[in-house]
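The values are calculated or read from the model by the stated rules, or taken from the named source; none is laboratory data. Quantities reported herein were computed from a predicted structural model and do not represent experimental measurements. Note that each Cβ is placed from the backbone with ideal geometry, even for glycine, and that neighbours are counted across all protein chains shown. Accessible surface areas use protein heavy atoms only, side chains included; no ligands, DNA or RNA. Shrake-Rupley method; radii C 1.70, N 1.55, O 1.52, S 1.80 Å.
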There are 4 protein chains.
Amino acid sequence: MVKGQSIGCQTPEECVVQFRVRYSETDQMGTFYNSRALEWFECGRTELLRSLRLPYAEMEKRGVFLPVIEAHVEYRSRARYDDLLHMTSRGSLVGKARLRVDVDIVQSNGGAPVACGYTIHAVTDPTGKPIRPPPWLAELFANGVNDERRR
Amino acid sequence: MVKGQSIGCQTPEECVVQFRVRYSETDQMGTFYNSRALEWFECGRTELLRSLRLPYAEMEKRGVFLPVIEAHVEYRSRARYDDLLHMTSRGSLVGKARLRVDVDIVQSNGGAPVACGYTIHAVTDPTGKPIRPPPWLAELFANGVNDERRR
Amino acid sequence: MVKGQSIGCQTPEECVVQFRVRYSETDQMGTFYNSRALEWFECGRTELLRSLRLPYAEMEKRGVFLPVIEAHVEYRSRARYDDLLHMTSRGSLVGKARLRVDVDIVQSNGGAPVACGYTIHAVTDPTGKPIRPPPWLAELFANGVNDERRR
Amino acid sequence: MVKGQSIGCQTPEECVVQFRVRYSETDQMGTFYNSRALEWFECGRTELLRSLRLPYAEMEKRGVFLPVIEAHVEYRSRARYDDLLHMTSRGSLVGKARLRVDVDIVQSNGGAPVACGYTIHAVTDPTGKPIRPPPWLAELFANGVNDERRR
């Protein structure tokens with residue numbers, strides 16, 4: 001069994017995670033409930049940051065928070081309980097003080113698109129006040145800005 | 001105590017619901033976790049449809065489903081456990097076969113904006129196959145199409 | 001619409017709340033997912049404490065936390081999306097330093113039992129260290145100890 | 001990264017899964033919200049059944065459902081966002097028509113106990129009507145009945 005397992009996370013350009021749809025994530029339509037996509041996106045960000053040697057738990061200890069200020073999801077086709085999904089996350093800085101993570105989720109078997117979208121994050125101190133991204137954060141994602149890659 | 005209570009839902013133009021942030025909806029940042037907004041949006045849709053005398057449970061019994069195909073949320077400011085929130089939902093048809101619901105959530109006390117966004121819904125049969133909205137659905141929302149009201 | 005509404009919360013003996021099953025709380029079996037019961041129990045506790053003029057948010061500000069240390073649920077019969085449920089919560093002190101809340105959930109229409117159970121809570125400071133219940137907490141629930149009322 | 005990964009699931013006696021606490025699973029106390037334990041228990045059952053070559057999705061296709069009729073959780077110590085947890089699930093038949101799964105969750109690093117408990121499941125047809133466990137189900141767990149192993 002492989003419920004969640006990164007299978008290649010070396011650069012801000014692309015971090016891939018595999019996971020299975022939990023029973024608790026389904027609804028009476030028989031597929032995953034729409035809000036679960038945002039919970040999965042967050043798992044993708046967690047692994048993206050870990051792969052960059054900046055685990056988010058560590059960032060919060062340094063006093064840097066990345067609250068979501070915008071989220072967008074497009075639902076492409078159904079995924080059911082226990083389906084194995086393949087999620088690709090890509091990070092980039094937007095303007096001077098925001099992080100954007102683009103996400104694509106497809107079926108691991110066959111590659112059918114399931115959902116895609118993005119989240120945009122402020123960079124704040126622990127009180128929620130916006131701050132400039134620290135240099136170690138800015139450097140990581142600087143080369144990630146590459147507009148034509150985005151929908 | 002008023003945990004959820006509609007306080008005016010007469011037309012597709014505007015249905016208002018009040019509810020409180022649950023403890024289970026917070027995260028370690030001390031505010032509501034981002035995906036909860038989509039769960040609240042769904043509560044707003046439920047009450048919007050009920051107020052139009054088309055409870056969604058009834059629609060599904062008639063074989064008409066409204067799966068979310070797109071969702072968008074903008075997070076404006078913090079809301080904490082037990083905060084009383086005021087959510088306004090407005091429905092309209094988009095093109096020939098899609099329903100759009102715009103949502104605004106503000107603090108009941110003071111009116112500070114918390115989150116806003118929209119969901120777009122396909123109209124499908126029980127197997128997920130798109131269908132034309134039945135006349136009783138189309139008529140309800142026909143007058144709701146009014147682009148300048150939207151962000 | 002009445003999504004959540006207390007309909008009688010005067011004593012630790014009995015606080016009643018009404019609410020509807022959310023679509024997000026269903027699973028592919030067509031009924032509410034089992035863990036949602038614990039989220040509902042928490043809504044009952046919130047209203048129980050509010051009705052006693054000790055809102056839990058206020059308690060946490062005073063430095064008193066009530067983390068769950070034990071939870072038990074028995075599932076009696078199905079409840080579906082949009083079903084209106086009637087939840088009764090009763091609080092009592094257990095021993096010198098624990099709070100117990102017993103919960104019963106039934107269908108508002110007809111009274112069919114849906115789920116029942118209890119949670120047991122430690123009384124702690126903000127770091128999670130057990131403390132003696134402050135007098136204002138102990139007094140409230142002192143008369144609630146009444147073993148024969150419990151399953 | 002290892003978000004969820006079984007590390008040994010050969011018998012009904014013991015199936016081990018590793019996973020990380022998701023950000024969405026925390027609450028404002030800074031630890032996982034209590035109901036998440038029941039969602040994790042379900043992940044353990046999923047992998048237990050898969051390891052026995054009876055994936056639950058397959059069982060439902062055969063018309064056999066295992067709704068939870070009782071759940072019990074004891075919370076031992078805190079687990080925080082991104083903590084790596086180690087969950088052991090053990091299945092056994094109870095009486096003639098019920099399945100019991102005992103679960104222990106500990107920190108992967110150091111082994112501190114996090115939560116333990118059990119779920120009891122009816123064996124039903126798709127309408128929720130109790131049935132006798134089919135022979136292929138009964139045989140699997142027959143040897144799992146071993147009372148002294150349980151709390």
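Starting from region C:68-88, keep only residues that are more than 7 Å from every other protein chain (Cβ to nearest Cβ), then list their pairs with residues that are open to solvent by 30 Å² or more (accessible area, probe 1.4 Å) and among the basic types (Lys, Arg) whose Cβ atoms are within a distance under 7 Å, requiring at least 6 positions of separation or different chains.
Here the result reads C:83/C:20; C:84/C:20, each pair linking region C:68-88 to a residue that is open to solvent by 30 Å² or more (accessible area, probe 1.4 Å) and among the basic types (Lys, Arg).
Can you find even one residue in region B:17-26 that is touching a helix residue (DSSP H, G or I) at 6+ places or on another chain (Cβ under 7 Å) and open to solvent by 40 Å² or more (accessible area, probe 1.4 Å)?
no
State all residues of region D:27-51 that are open to solvent by 20 Å² or more (accessible area, probe 1.4 Å), among the charged types (D, E, K, R) and touching a Ser or Thr at 6+ places or on another chain (Cβ under 7 Å); if no residue qualifies, say none.
The one that is open to solvent by 20 Å² or more (accessible area, probe 1.4 Å), among the charged types (D, E, K, R) and touching a Ser or Thr at 6+ places or on another chain (Cβ under 7 Å): D:45.
Do we have any residue at all in region C:73-86 that's assigned to a strand (DSSP E or B), farther than 28 Å from residue B:19 by Cβ and either of a type in the set (Gly, Ala, Ser) or at pLDDT 95 or above (or both)? I'd like the intermediate steps shown before the answer.
Taking region C:73-86 as the starting set, the residues that turn out to be assigned to a strand (DSSP E or B) are C:73-75, C:84-86.
Now narrow it down to the ones that are farther than 28 Å from residue B:19 by Cβ: none.
For region C:73-86, residues assigned to a strand (DSSP E or B), farther than 28 Å from residue B:19 by Cβ and either of a type in the set (Gly, Ala, Ser) or at pLDDT 95 or above (or both): absent.
Please go through region B:47-72 and give me each residue that is under 25 Å from residue C:19 (Cα atoms) and of a type in the set (Gly, Ala, Ser), ordered by number.
The answer is B:51, B:57.
Among the residues of region B:22-50, write down those that are at the interface with another protein chain (Cβ under 7 Å from one of its Cβ atoms), among the aliphatic types (A, V, I, L, M) and assigned to a helix (DSSP H, G or I).
B:38
How many residues does region A:89-126 hold that are at pLDDT below 95, assigned to a loop (DSSP other than H, G, I, E, B) and more than 10 Å from chain B (Cβ to nearest Cβ)?
The total comes to 4.
Being more than 26 Å from residue A:26 (Cβ to Cβ) and open to solvent by 10 Å² or more (accessible area, probe 1.4 Å) is the filter here, so list the residues in region A:77-121 that pass it. Please lay out each step first, then the result.
Taking region A:77-121 first, the residues more than 26 Å from residue A:26 (Cβ to Cβ) are A:90-100, A:120-121.
Residues satisfying the conditions are A:90, A:93, A:94, A:95, A:96, A:97, A:98, A:100, A:120.
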